[in-house]
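The values are calculated or read from the model by the stated rules, or taken from the named source; none is laboratory data. All figures in this text were calculated on a predicted structure; none of them were measured in a lab. As a convention, Cβ positions derive from the backbone with ideal geometry for all residues, glycine included, and neighbour counts pool all protein chains shown. Surface accessibility is based on the protein's heavy atoms, side chains included, excluding ligands, DNA and RNA. Shrake-Rupley method; radii C 1.70, N 1.55, O 1.52, S 1.80 Å.
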Amino acid sequence: MILDYMVGFTRNTMLKTRRILLGISRSYTATAKRGVLAQDKSKIKEYSPKTTDSHEHRVYVWGFQETGALGLQTNVKKAKERYTEMVHHPTRLQFSNNNEITDVAAGYGFTVYAVNRDDGETLFGSGLNTDSQLGFQVKGNPNDPANLDVIIYPTAIKLPRVQGETDEDMRVKSMSAGRAHLVVLTQNGTIFTLGNNSYGQCGRSIIEEERYSKSALIHRISQEDICGKEDEVVQVECGQDHSMFLTKKGRIYTCGWGADGQTGQGNYHTAGQITLIGGDVEKEKIVRLSCSSDCVLALNEAGDAFGWGNSEYGQLDDSELAETQINIPRALKLTKSIGKIKDVAAGGSFCMALNDQGLVYTWGFGILGFGPFVEQTSKPQHLLPPLFGRNDFSNETTVVSIGCGVFHMGAVNSDGDLFMWGKNRFGHLGLGHKKDQFFPFKAAINGKVTKVAYGVDHTIALCKTFF
């Protein structure tokens, strides 16, 4: 048997050799080649991924859960159990599977979601509601309802309407949350403020000993009352206890706590009246505002940065005789060397900037991303691109947006990946542990990140699917 096989093998080999020597070989025309290659196309299986819902966005949450800010729990008893205190990994929010979420905002222990729904509800919230920052929420007997100070699952925040206002009018255009207050801008130019107004941060008069718990008060402001008929509000931004309003013409209006100069009104007083601010931004067209505590950064259309508020760690001025509190907007000299700026972010004691080349700069005090031995610098220093996903196989990857909370920072690259670093006491970096992270590290999120809301102890990511 073996002998027959060897004879047959030798014969075939000799025939092939003879054909080569005689120049005899099988050949195809170009058309025939294409026909041969395409003949089995019908057998190739096409991969069609199955998605659990048809919504454009999905939401992932992580960090401190005991406040209810993550909105993951539906059972009060389970929510009180110790093992549910923190969520260390990005976890998909069930609420986003059933609703089309268009925007997210994170306050100090609470979260707000802008949604598009058929029933006309446009705003939902979960988390701490001790100052009615999520509206008047009750349960139980309608005649004797129990007020909810903690909301464990996203619940509708009913914004008051006037006659003739449609669901489209009430869709959220911009929103931002502070320590215990919320500011919402709707499509028809109406601003709603909720929650604590101890410093005038809700844009209304301060009332001594006002009780904010169990309050049904939602303050309504027309944008005409802020900037007149010739302009319109396009962005709202909250600090810890103050609020800012940016208009289409690039003007900035502020109110609230001004002890560190964060209102930019030229003084250190609290202000319940919304006021136009000047200084170095007076003749500039500002396109972006950022604040998470009491230091403010602003960006004009030319890519120049401006700042005011707390500068105890040289965030706004690195000169020897620099003021630690700046009460009027100033053009930043220390950012002049980094080129045209695309984005800015202001944390509790540090600042960030992103230039038009996709380089991320950090300065101030804290975990800045340069390792455990660098905790303060008064000059902006850039973090290397490989820290944000650039490598030999993806050499065009660059950072497209930045952001930060009071103690942590983040950056999103062009691939939709989120990189986090900073303090991590509450697991709000989403890295699977509570240890501080000294370099940018990629968070494991099953989607392309489009926006991130950085709370003081939790993080919310708005994502699109990969397919």
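Numerical summary
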quantity: Output for region 116-138, where each listed residue is crowded, with 22+ Cβ neighbours inside 10 Å and among the β-branched types (Val, Ile, Thr); calculated: 122
quantity: Whichever residue in region 67-78 is open to solvent by 10 Å² or more (accessible area, probe 1.4 Å) and modelled with pLDDT of 90 or more and, among such residues, is nearest to residue 113 (Cα to Cα); calculated: 72
quantity: Answer from 296, 287 - the residue that is open to solvent by 10 Å² or more (accessible area, probe 1.4 Å) and out of contact with any helix residue (DSSP H, G or I) (no Cβ under 8 Å at 6 or more places or on another chain); calculated: 287
quantity: Candidates 381, 357 - the one that is part of a loop (DSSP other than H, G, I, E, B) and closer than 20 Å to residue 341 by Cβ; calculated: 357
quantity: Residue within region 304-316 that is in a loop (DSSP other than H, G, I, E, B), open to solvent by 30 Å² or more (accessible area, probe 1.4 Å) and touching a residue at least 60 places away in the same chain (Cβ under 8 Å) present; calculated: yes
quantity: Single residue of 347, 364, 389 found to be farther than 16 Å from residue 298 by Cα, open to solvent by less than 10 Å² (accessible area, probe 1.4 Å) and not β-branched (Val, Ile, Thr); calculated: 364
quantity: Residue selected from region 318-328 under the condition of a type outside the set (A, V, I, L, M, F, W, C) and open to solvent by 40 Å² or more (accessible area, probe 1.4 Å), by the criterion nearest to residue 358 (Cα to Cα); calculated: 318
quantity: Any hit, region 157-166, residues being in contact (Cβ under 8 Å) with a residue 24 or more places away in the chain, closer than 22 Å to residue 454 by Cβ and either within 21 Å of the chain's Cα centre (by Cα) or in a loop (DSSP other than H, G, I, E, B) (or both); calculated: yes
quantity: Single match in 394, 401 (criterion: among the hydroxyl-bearing types (Ser, Thr, Tyr) and within 16 Å of residue 344 (Cβ to Cβ)); calculated: 401
quantity: Every residue from region 181-207 that is in contact with a His (Cβ under 6 Å, 6 or more places away or on another chain) and of a type outside the set (D, E, K, R); calculated: 193, 195, 196, 201, 202
quantity: Sole exception among (1) hydrophobic (A, V, I, L, M, F, W, C); (2) more than 22 Å from residue 456 (Cα to Cα); (3) open to solvent by less than 10 Å² (accessible area, probe 1.4 Å) for residue 331, by number; calculated: (3)
